[in-house]
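Report on the following structure.
The values are calculated or read from the model by the stated rules, or taken from the named source; none is laboratory data. In this text, all values refer to a predicted model and were calculated from it rather than measured experimentally. For neighbour counting, all protein chains shown are included, and Cβ atoms are generated from backbone atoms with ideal geometry for every residue, glycine included. Note: accessible area is taken over every heavy atom of the protein model, side chains too, but ligands, DNA and RNA are not part of it. Shrake-Rupley method; radii C 1.70, N 1.55, O 1.52, S 1.80 Å.
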Amino acid sequence: MELRIAMKTSQANGIRDATNDLITSRLSRRTVMKWFAATAAAANLPDPGAGPLAANTPVTTPPATKGYGTDPDVSGYYKPGDFWALTLTATQREIVSSLADILLPGDHLGPAASDLRVTDFVDEWLSAPYPVQQKDRTVILPGLGWIEEESQRRFQKGFNSIGTLQRHAICDDICWPADAAARFKKAAEFFVRFRTLAASAYYSTEAGWKALGYVGNVSMTSFDGPPPEVLAKLGVEQTVK
Amino acid sequence: MPIITTGKSDTEYDIVIVGSGAGGGQMAYTLTLAGLKCVMLEAGRAYNPDVETSMFQRPDQTPLLGVATPDKQMGFTDATIDGGWEVPGEPYTQASTKPEEHFWWWRPRMLGGRTNHWGRISLRNGPYDFKPRSRDGFGFDWPIRYADLDPYYTRVEMLIGVYGSNEGLENTPDSPPGVLLPPPKGRAAELYLQKHAKKLGIPVISIHRAVLTRPLDADSIPAKLHPGNPWAQRIVADSMRRRAACFWATDCHRGCNIRANYQSTTVHLPPALETGNLDIIPNAHAREVTLGKNGKANGVLYMDKTTGREARVKGKVVVLAASSGESVRILLNSKSPQFPRGLANRSGLVGKYIMDSVGASVSGQIPALENLPPHNEDGAGGPHLYIPWWLYREQIGGQFNFARGYHVEFNGSRGMPGGRSPLADDLARGAYGTRFKEEARRYFGSQVGYTCRGEMIPNDNSFAELDPQVKDQWGIPVLRWHWRWSDQELNMVDHATKTFAAMIGAMGGKVRSRQDRSSRDAIEPGGKVIHEVGGALMGADARNSVCNGWNQTWDVTNLFLSDAAPFPSNSDKNPTLTIMALAWRTADYIVEQARKGNL
């Protein structure tokens with residue numbers, strides 16, 4: 001109880017917060033550079049000098065500049081939009097939904113991505129103020145634009161208006177960079193990154209857990225280890241008695 | 001009121017403790033229950049795990065699915081506040097421009113410090129670990145033996161609650177019967193490794209972790225911990241009764257609001273506060289230890305972060321338990337005519353011989369673990385089994401090109417997904433749609449990772465000093481780090497990564513991490529394992545050490561160091577349990593000396 005009283009006092013102190021804000025903005029630039037370099041190296045992203053992926057990437061609201069800070073209330077329950085505004089346009093969100101549902105459709109393993117708010121999470125991600133997410137934004141938004149243009153080029157309709165088979169036809173050309181034709185390489189790199197983002201969100205949900213076969217996050221009175229059929233399948237015995 | 005603000009402190013305390021983590025927490029616990037009046041300075045804010053812990057939040061209930069950001073550097077739910085690798089306004093610097101000579105320094109700014117988020121791995125040092133130089137000629141011996149610390153390990157284990165088993169293995173000490181809590185059952189990947197590692201002669205046994213697998217026996221333990229002190233026994237029993245056993249869910253790095261694992265804020269500080277003998281001043285960033293004309297420490301000067309003003313507390317004894325790096329910074333900044341090079345630094349050794357654990361990892365994929373029937377493997381929120389160093393005889397027999405051992409920690413189970421794709425790109429290749437979902441399900445739980453935690457030998461190139469120019473936002477000179485691994489550590493990493501590849505092969509799996517890395521690329525940077533120890537070594541001689549075997553500085557007899565700064569070596573066993581055992585022993589010594597009037 002005493003701990004809580006003291007906490008309020010420190011949080012109420014405006015001087016400290018103002019000072020910290022100054023310092024944070026100075027330090028984060030250094031961090032930005034470091035993270036940027038690491039991400040670019042790790043992700044093997046398209047060469048930014050090679051020209052735009054899509055001719056008409058729509059102008060969108062810029063992403064947030066302020067994050068949740070170094071002392072957010074971690075005991076809370078949050079949803080996309082709570083810490084910073086979502087910035088994707090309606091069209092971009094529709095393409096995210098359509099594409100995510102092609103990647104993670106409703107089937108015997110669970111609901112479609114759009115039913116699990118994957119669109120909101122992708123929007124939150126791409127609207128975030130942090131370096132990794134801002135880097136993704138420079139790959140994903142042009143990619144969404146490319147998808148739309150490619151759909152218009154092939155089918156004279158936007159990606160949201162074409163049928164599933166037509167969407168598959170586009171996806172089949174860009175689903176794996178190593179197999180993609182030269183003119184689809186950059187789109188393929190977008191596709192793989194988008195798939196990672198969509199899957200990260202999908203499998204963060206209860207329905208996603210079920211689709212994967214994760215069981216847990218519930219309190220139990222005892223932990224009995226793997227059930228007999230698992231031990232039998234692996235040919236092992238429970239050695240901790 | 002136990003949590004106080006600057007200006008509300010008593011005129012003079014018996015003891016000033018700087019830091020509230022494992023060392024400071026244990027110190028406050030033991031001293032206040034012995035009746036001494038203590039004040040504790042904490043550089044961060046007050047923190048109450050009962051109401052501030054993220055317990056059952058799913059990744060989709062956290063911003064950015066809980067992934068690490070520059071604001072929360074180990075993820076949103078990690079129990080670290082206002083800190084991490086960088087603390088806003090409190091920089092540190094590197095002497096070298098080469099990344100491999102940089103030291104990474106993890107600093108939370110919160111009551112309880114790193115104990116709120118740590119992995120709870122609680123391994124005793126063995127007899128060899130106190131006399132490493134006598135055994136193989138490298139590094140330094142401790143001035144104490146295993147037998148000196150053994151009873152304190154036992155006390156700490158009884159107080160905090162540690163699960164594990166006694167295996168009677170070389171230099172991997174057993175605890176007395178009845179002290180350890182029951183070890184949790186092995187998980188699928190752990191048992192599968194155990195079976196197949198046997199072919200390689202590698203033992204896989206229960207790890208020791210500070211998690212309650214059943215409630216502590218509050219009716220009998222307090223009397224063993226505090227014989228002849230019924231008042232202390234009652235307070236400790238009440239505190240133990242407030243701790244629940246693990247409910248087998250949620251990752252320990254989040255902290256624990258049912259108090260099922262050890263953190264200073266749930267185990268050490270509540271009973272210490274209950275005594276009425278402890279005041280805690282949060283947001284108090286220690287600057288220097290002040291010295292009286294009699295050559296004794298008489299208090300601590302600190303920045304009150306809530307006002308930006310300097311303030312002071314006075315005490316008859318000063319204990320630094322601020323972490324190796326912070327205690328070094330405070331000592332070096334405490335300059336006076338008697339100690340122009342920094343307090344308790346006549347030897348010139350303050351800041352020298354900083355060590356971390358040697359870290360390197362190999363990941364793999366095991367086909368036998370694919371498509372297992374879904375089952376709950378959350379377990380105790382951390383590892384259940386591990387591999388202790390098993391090649392003592394071969395090593396002392398000269399078979400290796402490195403002198404010290406490592407233990408192996410595992411990850412890879414059917415743990416909570418989220419925040420990242422469960423299916424790696426190269427496994428998914430072009431899969432999308434239902435085929436992607438089926439592949440993700442197939443591979444879930446079949447990925448394994450093995451990490452070495454090895455002993456670094458202290459060297460002349462790894463140390464901390466004051467930066468001649470850079471100051472923090474409070475005007476206090478900051479640390480500048482020097483770091484270099486020696487061939488000893490690099491050769492160890494080479495052995496470890498080859499061994500891990502062999503383990504994965506023995507299970508019929510494939511190594512997934514790059515195998516063409518040199519050990520220089522595979523080794524984690526200094527500090528990255530967050531096992532920083534050393535910097536004010538204990539020894540048998542004032543000429544070549546900073547403290548004696550009681551963690552008491554040679555130069556200032558009422559100044560004690562109660563974090564890992566006095567460690568003359570950093571065995572592969574994680575340092576926290578040893579910090580606590582040493583702190584309890586030092587606290588007993590302080591009580592005894594205080595009674596004799598020697599301080």
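Beyond 19 Å, what percent of the Cα pairs of the range B:1-72 remain?
I get 53 percent for the Cα pairs in the range B:1-72 exceeding 19 Å.
For residue B:100 and residue B:338 in the same chain, what is the full-extension length gain: residue separation times 0.36 nm, less their Cα-Cα distance, in nm? Write out the running numbers ahead of the final one.
Values: separation 238, 0.36 × 238 = 85.68 nm, distance 3.73 nm.
Contour length minus the Cα-Cα distance gives 82.0 nm.
List the residues, sorted by chain then number, that are 5 or more residues from residue B:287 or on another chain and whose placed amide H is less than 5 Å from its amide H.
Result for residue B:287 returns B:301, B:302, B:303.
Per 5 Å bin, what is the whole-percent P(r) computed from every C-alpha pair distance within the range B:76-119?
With a bin width of 5 Å, the distribution comes to 5, 21, 25, 19, 14, 12, 4.
Full extension from residue B:541 to residue B:8: what is 0.36 nm times the residue separation minus their Cα-Cα distance, to one decimal in nm?
187.8 nm
What ratio of Cα Rg to 2.2 N^0.38 Å holds for the range B:301-451?
Taking the Cα Rg and dividing by 2.2 N^0.38 Å, one obtains 1.73.
Would you work out the charge dipole size for the range B:447-588 about its Cα centre, treating the Cβ of every Lys and Arg as +1 and the Cβ of every Asp and Glu as -1, and quote it to the nearest 20 debye?
The calculation lands at about 600 debye.
Apply the Karplus curve 6.51 cos²θ - 1.76 cosθ + 1.60, θ = phi - 60°, to the phi angles in the range A:134-140 and return the couplings in whole Hz, x for Gly and Pro.
So the J values, rounded to whole Hz, are 5, 5, 4, 4, 6, 9, 6.
Taking residue B:305 as the anchor, which lysines have their alpha carbon closer than 25 Å to its alpha carbon, excluding any fewer than eight residues away along the same chain?
Qualifying lysines at Cα under 25 Å: A:8, A:66, B:8, B:37, B:72, B:314, B:316, B:335, B:471.
At a 1.4 Å probe radius, carbon and sulfur cover how many percent of the accessible area of chain B?
48 percent
Using only protein heavy atoms and a 1.4 Å probe, how much accessible area in total is buried between A and B, to the nearest 100 Å²?
The buried area between A and B, both sides summed, comes to about 8500 Å².
For residue B:466, enumerate residues with amide H under 5 Å from its amide H, sequence gap 5+ or separate chain, H modeled in the peptide plane.
B:480
For residue B:104, which sequence-distant residues (separation of 5 or more, or a different chain) have an amide H within less than 5 Å of its own amide H, given hydrogens modelled in the peptide plane?
Those qualifying (amide H under 5 Å, at least 5 residues apart or on another chain) are B:526, B:527, B:528.
Can you tell me the alpha carbon radius of gyration of the range B:317-393 divided by the globular rule-of-thumb value 2.2 N^0.38 Å?
It is 2.03.
Which value in Å does the Kirkwood hydrodynamic radius of the protein assembly as shown take, with 1/r averaged over all unlike C-alpha pairs and then inverted?
28.1 Å
Using Cα pairs under 8 angstrom and six or more residues apart, how large is the relative contact order of the range A:134-216, in percent?
On the way: 55 pairs, mean separation 17.3, N = 83.
Over the range A:134-216, the number comes to 21 percent.
Suppose each label sits 7 Å from its Cα in the direction of the beta carbon; what would the residue A:222-residue B:241 distance come out to in nanometres?
Modelled inter-label distance: 2.7 nm.
Do you know which residues of the range A:162-197 lose at least 50 square angstrom of accessible area in the protein assembly compared with their chain on its own, with a 1.4 angstrom probe?
Output list: A:176, A:195.
Let me have the 222 nm mean residue ellipticity of the protein assembly as shown computed from DSSP H runs of 4+ only, each contributing -39500 (n - 2.57), with the sum over all residues rounded to the nearest 500.
On the way: 26 runs with 282 residues, N = 840.
Taken over the protein assembly as shown, the calculation gives -10000 deg cm²/dmol.
Any idea what the alpha-carbon Rg over 2.2 N^0.38 Å comes to for chain B?
On the way: Rg = 23.5 Å, N = 599, 2.2 N^0.38 = 25.0 Å.
Compactness ratio reported: 0.94.
With θ set to phi - 60° and the Karplus curve 6.51 cos²θ - 1.76 cosθ + 1.60, what are the ³J(HN,Hα) couplings of the range A:109-116 in order, to the nearest whole Hz, using x for Gly and Pro?
9, x, x, 6, 3, 5, 6, 9
Provide the per-residue ³J(HN,Hα) series for the range B:78-95, in order, calculated from phi with Karplus coefficients 6.51, -1.76, 1.60 and θ = phi - 60°, each as a whole number of Hz, with x at glycine and proline positions.
Per-residue couplings from phi come out as 4, 7, 10, 10, 6, x, x, 5, 10, 10, x, x, 10, x, 9, 10, 10, 6 Hz.
Quote the relative contact order of chain B in percent (integer), defining contacts as alpha-carbon pairs under 8 Å separated by 6+ residues.
23 percent
Quick one: Debye curve from the alpha-carbon atoms of the range B:539-591 only, equal weights, vacuum; give me log10 I(q)/I(0) at q = 0.15, 0.32 Å⁻¹ to two decimals.
Rounded to two decimals, the profile gives -0.39, -1.31.
Could you state, as a whole-number percent, how many of the C-alpha pairs of the range B:185-266 are farther apart than 20 Å?
In whole percent, the long-distance tail amounts to 51.
Quick check for you: which residues of the range B:384-412 have the amide N under 13 Å from the point 7 Å beyond the Cα of residue B:498 toward its beta carbon?
B:399-402
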